[in-house]
Every structure is written in structure tokens, then in C-alpha cells.
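These notes concern the structure reproduced below.
Please treat every number below as a calculation from the coordinates, not as lab data. Please read all numbers here as calculations on a predicted model, not as lab measurements. Heads up, the Cβs are rebuilt from the backbone with ideal geometry, glycines too, and the neighbour counts pull from every protein chain shown.
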Amino acid sequence: DAKTTQPPSMDCAEGRAANLPCNHSTISGNEYVYWYRQIHSQGPQYIIHGLKNNETNEMASLIITEDRKSSTLILPHATLRDTAVYYCIVRVSNNQGGKLIFGQGTELSVKP
Amino acid sequence: DAGVTQSPTHLIKTRGQQVTLRCSPKSGHDTVSWYQQALGQGPQFIFQYYEEEERQRGNFPDRFSGHQFPNYSSELNVNALLLGDSALYLCASTILNPGQTSGNTIYFGEGSWLTVV
């Protein structure tokens with residue numbers, strides 16, 4: 001079973017920030033939080049990941065709470081092309097490189 | 001730099017037949033995983049290959065098997081196809097660093113759509 005909980009759907013106005021929450025209350029100390037998104041009929045696209053500190057790249061920002069039990073993915077200026085299912089994943093770690101356990105994700109609809 | 005590539009993109013098979021799907025990992029990657037995604041569901045992990053051996057396996061029957069070649073490319077084989085095997089099959093690749101438990105990003109291909117009729 002997935003170790004994360006996300007709202008099933010969210011709406012966001014075009015040009016506004018989209019804040020996608022994720023709960024991962026049972027995360028272990030050496031597990032990373034990964035975010036992927038999947039646009040309809042395409043393969044999942046890597047967005048960002050982090051362990052403890054907040055992270056930012058050209059696509060998004062990741063805010064992880066101090067207790068690491070939850071995180072928020074921020075798309076600073078959402079566009080219509082950001083409409084997708086967003087998956088928050090806690091990386092199952094072992095010496096074999098780890099596998100990803102996907103939950104149901106959040107379906108983000110960006111509206112004009 | 002080519003990403004993860006998969007073939008074919010779409011195919012239709014009949015119940016009972018066998019299918020082979022192919023994957024080339026992202027340049028420099030040595031570990032390949034396969035996922036099955038049914039309509040409306042998140043991807044489900046099938047298995048992972050490293051050094052031409054199956055290293056991890058999800059909850060899938062023995063009808064699902066795989067292979068990794070010396071050039072790190074991989075195949076997924078499904079025997080005795082069932083209607084329920086209709087899904088998007090995703091290949092993902094990463095670099096394995098022995099002793100490092102996490103942090104290597106996993107990249108996905110665009111998938112192979114399999115329809116069983």
C-alpha cells in the first residue's frame with residue numbers, strides 16, 4: 001500500500017499558484033519524498049524530490065514540514081498544461097535502488 | 001540525450017496469446033523496472049532488473065517475466081494473456097549505486113498500450 005495520502009482532486013486558476021498537499025505520517029528517516037505527474041495517456045514525469053530541506057527547481061518547489069509527516073508541492077504560476085494527475089511518493093529504499101509505490105494521486109485541473 | 005524509450009506504443013492481442021514489450025533505458029542508466037497501469041489507477045510495480053537479474057518483484061503472477069540484456073535494455077513478457085492484462089505498461093530506469101539506499105531519480109518512458117480482446 002502507498003504510504004501517502006492526497007486529496008483526489010483540486011482546481012486552480014491559470015496564473016495562480018497551485019499548492020498540492022501530501023500526508024506521509026509513517027515516513028522513515030532515510031526515505032525521500034518524490035513528486036511525479038502524469039498527463040493523460042503519457043508516462044509519469046519526474047518533478048522534484050527531497051529528504052528534509054525545502055527544494056526548488058525550474059518546475060516547482062517542495063516544502064517538507066519539520067517533522068517530515070507532510071509536504072506541499074507548489075507550482076508557482078500554473079498553466080493549462082499543468083493539468084495532470086500528481087503523485088506524491090515515499091521512496092521505498094534498499095540496496096536494490098528502490099521501487100515506487102503509487103497511490104491514487106491528485107487530479108489537478110487548471111482552469112482559464 | 002535520449003530518455004527511456006519503449007516499443008511498441010500500441011498493440012492488440014487475443015486472450016491466451018503471448019506478448020513481448022521492449023525498453024531501452026535512459027543513457028547511463030543500468031537498472032530497469034516495469035509497471036502496469038490499469039485505466040484510472042496508479043502504476044503498479046511488476047519487477048526490477050539489474051545486472052541481468054530480477055532483483056525485486058511485485059505481486060504479479062509468473063505469467064509475467066522479464067529479461068535484461070548486457071546493454072541494459074529490457075523486455076517484459078506476458079504469457080497466456082487475460083482480458084485483465086489490458087493496461088499501459090511503463091518502463092522506468094535509474095542508476096543503481098550499491099550501498100546508497102535512496103535518492104537516484106527514476107525516469108519513465110511513455111509506455112506501451114496493450115489491449116487484450
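Take residues that are among the aromatic types (Phe, Trp, Tyr) and within 13 Å of the chain's Cα centre (by Cα) and tell me which of the strands (runs of 3 or more DSSP E) falling wholly in segment B:27-117 contain 3 or more.
Numbers: elements: B:31-37, B:44-50, B:53-57, B:64-68, B:74-78, B:87-94, B:112-116.
It comes to B:44-50.
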* To do: Examine segment A:80-87 for a residue that is in a loop (DSSP other than H, G, I, E, B) and within 12 Å of another protein chain (Cβ to nearest Cβ), and state whether such a residue exists.
  => no
* Determine which single condition residue A:104 fails, assuming it passes every other condition in (1) in contact with a strand residue (DSSP E or B) (Cβ under 8 Å, 6 or more places away or on another chain); (2) within 24 Å of residue B:111 (Cα to Cα); (3) in contact (Cβ under 8 Å) with a residue 24 or more places away in the chain. => (1)
* Which residue out of B:25, B:70, B:61 is out of contact with any strand residue (DSSP E or B) (no Cβ under 9 Å at 6 or more places or on another chain) and closer than 30 Å to residue A:27 by Cα? -> B:61
* Asked: Has segment A:44-54 got at least one residue that is out of contact with any Ser or Thr (no Cβ under 8 Å at 6 or more places or on another chain), away from every other protein chain (no Cβ under 14 Å) and more than 26 Å from residue B:109 (Cα to Cα)?
  -> no
* State yes or no: is residue A:33 in contact (Cβ under 8 Å) with a residue 40 or more places away in the chain, touching an Asp or Glu at 6+ places or on another chain (Cβ under 8 Å) and surrounded by 13 or more Cβ atoms within 10 Å (Cβ to Cβ)? => no
* When segment B:15-44 is examined, which residues are found to be within 13 Å of residue B:113 (Cα to Cα), in contact with a Pro (Cβ under 9 Å, 6 or more places away or on another chain) and of a type in the set (A, V, I, L, M)? -> B:21
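Has segment B:48-56 got any residue that is closer than 25 Å to residue A:105 by Cβ and surrounded by 14 or more Cβ atoms within 10 Å (Cβ to Cβ)?
yes
Only one of these is hydrophobic (A, V, I, L, M, F, W, C) and over 28 Å from residue B:55 (Cβ atoms): A:51, A:75. Name it.
On the way: A:51 fails: over 28 Å from residue B:55 (Cβ atoms).
Exactly one of A:51, A:75 is hydrophobic (A, V, I, L, M, F, W, C) and over 28 Å from residue B:55 (Cβ atoms), namely A:75.
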* To do: Go through (1) out of contact with any Gly (no Cβ under 8 Å at 6 or more places or on another chain); (2) surrounded by 19 or more Cβ atoms within 10 Å (Cβ to Cβ) and name the single condition residue A:87 misses.
  => (1)
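Restrict the check to segment A:16-32 and report whether at least one residue is among the small types (Gly, Ala, Ser), over 12 Å from the mean Cα position of the chain (by Cα) and at positive phi.
Going through segment A:16-32, the residues among the small types (Gly, Ala, Ser) turn out to be A:17-18, A:25, A:28-29.
If we keep only those that are over 12 Å from the mean Cα position of the chain (by Cα) as well, we get A:17, A:25, A:28-29.
Among the residues that remain, those that are also at positive phi are: none.
No, the conditions are met nowhere in segment A:16-32.
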* To do: Tell me, please, whether a residue that is within 8 Å of chain A (Cβ to nearest Cβ), within 18 Å of residue A:1 (Cα to Cα) and surrounded by fewer than 18 Cβ atoms within 10 Å (Cβ to Cβ) can be found in segment B:86-98.
  => no
